[in-house]
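Here's the structure we're looking at; comments come further down.
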Amino acid sequence: MFLENTNRAEKRGWIEVICGSMFSGKTEELIRRLKRSQLARQKVEIYKPATDVRYHPTNIISHQGIEITSHPVANSSSILLMAHDADVVGIDEAQFFDDELPNVCKQLANSGIRVIVAGLDMDYRGQPFGPMPRLMAMAEYVTKVHAICMQCGSLAYVSHRKTEEEHLVLLGETEHYEPLCRQCFNKVTTK
């Protein structure tokens, strides 16, 4: 599906987005795709927000413990400076990047780079999160993955925040968040 035509002199780039709630396997899917590209001997560059140090200061690590080396960056324009000779660029936790990320991804794809982005599509309030809506609209491929609702077992819709903090960005795990389906989310937010 994502094979490049080697008969063409010109490289073709595109954008892939992996989205969903927390605990849905977004990072694991991103790492799987990036490792396959590395096996194919493609030059892979991987980035994450410098603010995300939950598991490791540099590596991207899934909730299941699968990891891959990455470069933490302070803003999306840094990616353009670092990824100029890559075949594939991976970006994790895209929702935490600035609003320039979609333009950065577009420039990379236009220059012949395959860009794979993973991030939360909605925040804890069930609202579109950061640059993700624009990225999904611009992407050639969008994969929505789902966690399991922690209250009823249906497919999860959103990452519900279990604590009272109201800051939009709160890095956390199961102590702060749980995936919920639409019905269970509506029950807990209308109390």
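Computed from the coordinates by the stated procedures, all read-outs in this text should not be read as laboratory data. Owing to the predicted nature of the structure, the values given are computational and were not obtained by experimental measurement.
Take every Cα pair under 8 Å in the range 14-146 that's 6+ residues apart, average their separations, divide by the length, and report that relative contact order as a whole percent.
This gives 39 percent for the range 14-146.
Anyone know which of HIS71, HIS84, HIS160 comes out most mobile in the 10 Å Cα GNM of the chain?
Between HIS71, HIS84, HIS160, it is HIS84 that shows the largest mean-square fluctuation.
Show which lysines lie in cross-link reach of LYS43 when reach means a straight Cα distance below 19 angstrom and same-chain residues fewer than eight apart are skipped.
LYS11, LYS35, LYS106
Mind sorting out which of (1) 30, 16, 15; (2) 29, 20, 14; (3) 25, 18, 17 is the real semi-axes √(5λ) of the Cα gyration tensor in Å computed from the coordinates?
Matching the structure shown: (1).
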